[in-house]
Amino acid sequence: MDINALQALVIDALEDIKAKDIEVIDTSKFNALFDRLVIASGDSNRQTRALARNVQEKVKEAGGTVISVEGEDTGEWVLVDLGDLVVHVMQPAVRAYYNLEELWSGSAKPSTDKSAAARARGTAAR
């Protein structure tokens, strides 16, 4: 399936279940693993799971392949791997915490917070 058709299909599937703040990021410049990243928010565990499930169903109905799904058990962050396109459906607090838009847009700046860097390494800040 063409990447633009897949992207349109995913966005339609997300809009069907009232996803919020849908963002599409072209990642082809940054990595060779996938070309697009779609990030959307759902208000509850139930909605994030329903959004991810609807994406899977619509892609399969259109003849596409769902490679993997992660996070359906908790529903706070569900990842749907469609090969050239990866969908992240997150609750707003989780989405704000991980801030994938900034990370993948290439505008993320290195942190100067020593305690955050220490936590990332798994050591205590001194």
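Quick notes on this structure:
- Taking 4 °C and 1.567 mPa s as conditions, the range 1-69 diffuses translationally at an estimated 103 µm²/s according to Stokes-Einstein applied to its Kirkwood radius (Cα pairs).
- Averaging over all projection directions, the Cα-based convex hull of the range 3-121 occupies 7.9 nm² in the image plane.
- Local electrostatic count at S41 - Lys and Arg +1, Asp and Glu -1, tallied over other residues with Cβ under 12 Å: -2
- Highest average packing first - 15-24, 62-71, 34-43, Cβ atoms within 10 Å: 34-43, 15-24, 62-71
Values in this text are rule-based calculations from the coordinates and carry no lab data. Being a predicted model, the structure only gives us computed values, none of them experimental. Backbone-built Cβ (ideal geometry, glycine too); neighbour counts: all protein chains shown.
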